[in-house]
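Okay, structure first, notes after.
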Amino acid sequence: MTETAIEFRSVVKRYGDATAVAGIDLSIAKGELVTFLGPSGCGKTTSLRLIAGLELPSEGQVFIAGRDVSRDPASARNVGMVFQSYALFPHMSVLDNVAYGPVIRGTAKAQAQEKAREILDQVGLGGLHQRLPAELSGGQQQRVAVARAIVQQPDVILFDEPLSNVDAKLRRKVREEIRSLQRRFGLTAVYVTHDQEEALAVSDRIVVMDRGRIAQVGTPADLYERPSTPFIADFIGDANLIRGEVAQGYFTAPGLSLPVTGPDGPATLSIRPERITLAPGGPDRVVTATYLGSRMEYMVAAQVGEMLVSRPIFEPRLAAGQDVSLHITHTDVSRVA
Amino acid sequence: MRAVKGRIGLVWSGLLLTAILALPWFKGGALLDSALAEGVAGRVWLLPLVAVALGLSGLSVLSRDWRIHPAGAALVGAGLIWLLLQGFGIGLRGPALPGIGVLFPTALAGQPGFGWGAWIAGIALVGALAEVLAARGFCRGERFAAFSIIGIVAALSLFVFFPILKLMSAAFVAPDGTLSLLPFVTRITASDLWSVGCLTGAGRCGVVINSVVLGVLSAVFATALGLALALLVARTDFRMKRLLRAISILPIITPPFVVGVAIIVLFGRTGVVTVEVADWFGVRPTRWVYGLPGILLAQVLAFAPVTFLVLLSALEAINPTLEEASTTLGAKPVTTFRTVTWPLLRPALAAAFLLAFIESLADFGNPIVLGGSYDVLSTKIFFAVVGAQYDLGQAATLSVLLLTLTVAAFWVQTRWLGRASYVTVTGKSDAGLVAPVPPLIKWAAVAAVVPFVVFTVGIYAIVLIGGFVKDIARLEMAPTFGHLWTAFSFEISERGVQLFGSAWNSMITTLWVSALSAPLTMGIGILTAWLIARQDFTGKRAFEFGTLLSFAIPGTVVGVSYIAAFNVPPIDMTGTMAILVICFVFRNLPVGMRAGIAALAQIDRSMEEASQTMGAGGGRVLRDVVLPLIRPAIFTALIYSFVTAMTAVSAVIFLVSARHNMATAYIMGRVENGEYALAIAYSSVLMLVMVACVAAMNWAVGTRRLGRRTAVANPAQPAE
């Protein structure tokens, strides 16, 4: 039985008439990195701020480390937060920024600075203690922000879209740094992003949110391979949705018949573009063929409808206008409706 | 956490208990003449407050958390309501509310005003109220923010809205003391308010007509002159730009009636210019300057710099590429000005006009010096209270009219113009060159500005010379320090320095009041700005409008309302220095607030949130993060409130006393006696002291900043 670090119980957050979070139940285990993923306005940032105490819930409770903190302001909770803009104090040196939290919580200044130095060494900013934030590069600023957030050994560390101000080229590196730090310190982390690739790469579990509710929770592989709704299938990666009927354990659509589970009646299946295979000659036709360097993408007019297909670059290439036959295996589809 | 919560409870209930058991409840009472002692001695209506104090103390010791205990909220609410009810219900001469005499027979003897005990009990109850609300989620549970909001709302209600309401109610009081609608109707329809006789040739106009005519004329001329100044500075290669900018600062440090006095010295019946002109052209000297022309001249000179600053920032905010676009489309410079620049400037012109209109209506110094028989609302209010016929009802009615005019103008300015402004400067940097104005417009502007500069220089020459020659009004130019000596003579003897001059008392009071009110104004103003810019709470819009509204209340009205409200118990504080300080703090509050709001808009909010997540409460966030980043705004607010406290006259003239006189009120008295040289000498000393103080503050703040940042080459920027 793993220990629960954070728990949401029927949490609702309203702003006047607008509902940002419409009833969330969720528990996050100690040492886990959970990502809130969703389109803008889905309530993911609000949920993060509810953990931080920067917002208080309109209804329901938030527990951190087993304690009900629903009415506690941010200053009374033990959380660390890395802001989108980093929010480093421009008038304080790097060292003072990192030592700020311990000083506020009553540690003597000298001890706080000692602690800050240790953390700064561990994130690889050993020589930059006396710099001001404006004198650091973007990547360095980000590491200061992380150091500042973890120096007090918080119950949870919160990341609010931490990569949105990082150069596209550097993102992979910074993302891996964050993940390795989180593992090294055994931190419970909650991470907010709207970038599904980032979410897949960094998370233990992903919480997909839509219009203030949780759409699905699962590991990256769960979500990618077994989406539970058309929204998830479409939001994470690309998906082809096939509508048809289920009768006696078989899904049928024009030119397609696959064994599936679940009740009879109208149904929708989702299949990823890279799970579809194409063979030359047949009833279907390539409409467009796009060269993307690492792979080929085809738009195929098939009997079941228009399908997006992605094939490895080393396979024989097909051209637009070519007749093909499209193959789907029943283990590669997931029923989303 | 438990220990901390317990201690907070003890602070407020302990304060309340001390105030009620040990401190003098009534004004001027001895120590231990507390609510308890007075209550036992017969003023039994004080005993419920003793019960509240004991109950709250007991609760904060015994219960787990008194703030969320229903009894805590009930006790605090009941205590506050009862404190106010008994204070306002039982006056100096007995019950003010019907029924209280029956309930408490001893109340017929009346009670004096609030003393230390009552004040501190009130503060403790307000503090406890904030705790109770914060514990229920107000301000997201931030105790500091909750306390600030509740405290500021309480202070504003007490020192801005209560006096105004009290004054307004006086308009409905008949001479025999009864309350009804009739006296108000009689007063407000009087012909000396609304007569348009001067236009039809049948006698004089009413004060309302006079005020509006003056306001409109003054605003039109001041806006036109301000536009001319702004165009010259922003859009031409005019040589004397620095001089124009310097002149625009002068009115800020000039007491409002100094310009009026200088105009009399120049153009009065025996004025310098009048006599010369009479000699040269053989015309008889007249008193033309007293009345509308004189006030108008003084006001235009005083307000043009204000409209100049409004229009200058508007001109600088117009994106030059718009004008370039017009030019590339084939428009001539005059066409571009007419079709692009002018329409974009219109909202700012309206704003400048309304600002000058409000200032003109509120102006008291110039009409009283130059008015002659031309009555305006502000002077009429003054004479209704200060003159031989003390008539608060009349003053109140006039105040209602004046207030209606200024608040209406203010409302139009904030609501209607707020939506109409065109912001053409965006985050993107557009490289464009500002288009110079067409020559025709340039020369028109020069023609308007040159007389303004000549007048201003002439007036300040009078102010600088006038105090140090024998009698400038009669052109006796022998240098003398006699006037200065009359005002500021002193003697150094074995008993130390002795001050004999007639002006010392007022000068020292002025410095004290300014030095006390400036930091308070700045502090409350910046705090209010922070609350408005950064906190979300119920009733925020009303809070914001209420704080800004005090800006639209003319000083004269504030002065009269303070007399109406604070002359009698429970809050009986006229004649003290405290009332002067309080008056300035709440009058100048909006300026500190605006500076703060503008500065906070530049700062990323997440820095404060970062501080919060690291454990800082509201007060700590303010101290560690917000204040260091908005230091320039703090400095501006400090300087402005200091300088305004030294130069303002309209409100304080009602509030000064023999013991606590202010420099401006003293000078005003000298002007009334015709002692112009002494008035001018004192004014120039006052202005010098102000410049010296501002320079000293500037130096102190400047060096401190250098001391902290010497190692840093480039200025710190908020993180992106």
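The values are calculated or read from the model by the stated rules, or taken from the named source; none is laboratory data. What you see is a predicted model; the values in this text were computed from it and never measured. Quick reminder, even Gly has a Cβ in these numbers, built from the backbone with ideal geometry, and neighbours come from all protein chains shown. Each accessible area value is taken on the protein alone, full model and side chains, heavy atoms only, with ligands, DNA and RNA left out. Shrake-Rupley method; radii C 1.70, N 1.55, O 1.52, S 1.80 Å.
Worth a mention:
- Screening B:V261 against (1) farther than 17 Å from B:I459 by Cα; (2) in contact with a helix residue (DSSP H, G or I) (Cβ under 7 Å, 6 or more places away or on another chain); (3) open to solvent by less than 10 Å² (accessible area, probe 1.4 Å) leaves a single unmet condition, (1).
- All told, A:D210 meets the bar of being more than 14 Å from chain B (Cβ to nearest Cβ) and in contact with a Phe, Trp or Tyr (Cβ under 6 Å, 6 or more places away or on another chain).
- Being part of a loop (DSSP other than H, G, I, E, B) and out of contact with any helix residue (DSSP H, G or I) (no Cβ under 9 Å at 6 or more places or on another chain) is a property that B:V568 has.
- The residues of segment B:188-233 that are surrounded by 24 or more Cβ atoms within 10 Å (Cβ to Cβ), hydroxyl-bearing (S, T, Y) and within 19 Å of B:G371 (Cβ to Cβ), listed by number, are B:S211, B:S218.
- Residue check for B:V652: in contact (Cβ under 8 Å) with a residue 12 or more places away in the chain and within 14 Å of chain A (Cβ to nearest Cβ): no
- When B:I508, B:I441, B:I459 are checked against the criterion of being in the same structural domain as B:R245 (by TED's automatic domain parsing), modelled with pLDDT of 85 or more, open to solvent by 20 Å² or more (accessible area, probe 1.4 Å) and among the β-branched types (V, I, T), a single residue qualifies: B:I441.
- Against the list (1) more than 14 Å from every other protein chain (Cβ to nearest Cβ); (2) part of a loop (DSSP other than H, G, I, E, B); (3) closer than 23 Å to A:S27 by Cβ, the condition A:R179 fails is (2).
- Spans of helices (runs of 4 or more DSSP H) in segment B:598-648 with at least 3 residues crowded, with 19+ Cβ neighbours inside 10 Å: B:606-613, B:631-647
- Inter-residue pairs, beta-carbon under 7 Å, first more than 7 Å from chain A (Cβ to nearest Cβ) and on the phi > 0 side of the Ramachandran plot and in segment B:618-636, second modelled with pLDDT under 85 and open to solvent by 10 Å² or more (accessible area, probe 1.4 Å), 6+ apart: none
One line per residue, one yes/no per condition, for (1) among the acidic types (D, E); (2) assigned by TED's automatic domain parsing to the domain that holds B:S561; (3) out of contact with any helix residue (DSSP H, G or I) (no Cβ under 7 Å at 6 or more places or on another chain); (4) open to solvent by 40 Å² or more (accessible area, probe 1.4 Å):
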site	(1), (2), (3), (4)
B:V52	no, no, no, no
B:L59	no, no, no, no
B:A96	no, no, no, yes
B:L108	no, no, no, yes
B:G113	no, no, yes, no
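- Members of segment B:536-555 found to be in a loop (DSSP other than H, G, I, E, B) and either without any contact (Cβ under 8 Å) to a residue 12 or more places away in the chain or over 24 Å from B:F364 (Cβ atoms) (or both), listed by number: B:D536, B:F537, B:T538, B:G539
- When each of B:A135, B:A124 is tested for being surrounded by 24 or more Cβ atoms within 10 Å (Cβ to Cβ), among the small types (G, A, S) and either in the same structural domain as B:W12 (by TED's automatic domain parsing) or in contact (Cβ under 8 Å) with a residue 40 or more places away in the chain (or both), the lone residue that passes is B:A124.
- Residues located in segment A:245-266, provided they are touching a Phe, Trp or Tyr at 6+ places or on another chain (Cβ under 8 Å) and surrounded by fewer than 20 Cβ atoms within 10 Å (Cβ to Cβ): A:E245, A:S257, A:P259, A:V260
- Within segment A:291-303, residues that are closer than 19 Å to A:R272 by Cβ have Cβ atoms under 6 Å from residues that are of a type in the set (A, V, I, L, M) and not in a strand (DSSP E or B) in these pairs: A:R295/A:I313, counting only partners at least 6 apart in sequence or on another chain.
- Taken over segment B:620-636, the criterion of being among the small types (G, A, S) and at pLDDT 90 or above is satisfied by no residue.
- Unique residue being modelled with pLDDT of 80 or more and open to solvent by 70 Å² or more (accessible area, probe 1.4 Å) when the list is B:F281, B:F308, B:F267, B:F303: B:F281
- Of A:E55, A:E59, all but one fail to be within 26 Å of the chain's Cα centre (by Cα), at pLDDT below 90 and among the acidic types (D, E); the exception is A:E55.
- In segment A:205-222, of all residues being open to solvent by 50 Å² or more (accessible area, probe 1.4 Å) and not aliphatic (A, V, I, L, M), the one that is nearest to A:H327 (Cα to Cα) corresponds to A:D222.
- For segment B:156-191, the set of residues classified as in contact (Cβ under 8 Å) with a residue 60 or more places away in the chain, farther than 30 Å from B:T521 by Cα and part of a helix (DSSP H, G or I) consists of B:P183, B:F184, B:R187, B:I188, listed by residue number.
- Across segment A:223-236, not a single residue is classified as outside any loop (DSSP other than H, G, I, E, B), open to solvent by 30 Å² or more (accessible area, probe 1.4 Å), closer than 30 Å to A:T19 by Cβ and touching a helix residue (DSSP H, G or I) at 6+ places or on another chain (Cβ under 6 Å).
- Only one of the listed residues (A:P273, A:P283, A:P259, A:P254) is closer than 16 Å to A:I328 by Cα, assigned by TED's automatic domain parsing to the domain that holds A:L318 and within 23 Å of the chain's Cα centre (by Cα). That residue is A:P273.
- Among the numbered conditions (1) open to solvent by 50 Å² or more (accessible area, probe 1.4 Å); (2) away from chain B (no Cβ under 12 Å), the only one that A:Q130 does not meet is (2).
- Strands (runs of 3 or more DSSP E) lying entirely in segment A:1-118 (those with 2 or more residues that are surrounded by fewer than 16 Cβ atoms within 10 Å (Cβ to Cβ)): A:4-15, A:18-29, A:59-64
- Annotation: of all residues in segment A:311-337 being open to solvent by less than 40 Å² (accessible area, probe 1.4 Å) and hydroxyl-bearing (S, T, Y), the one that is farthest from A:G282 (Cα to Cα) is A:S334.
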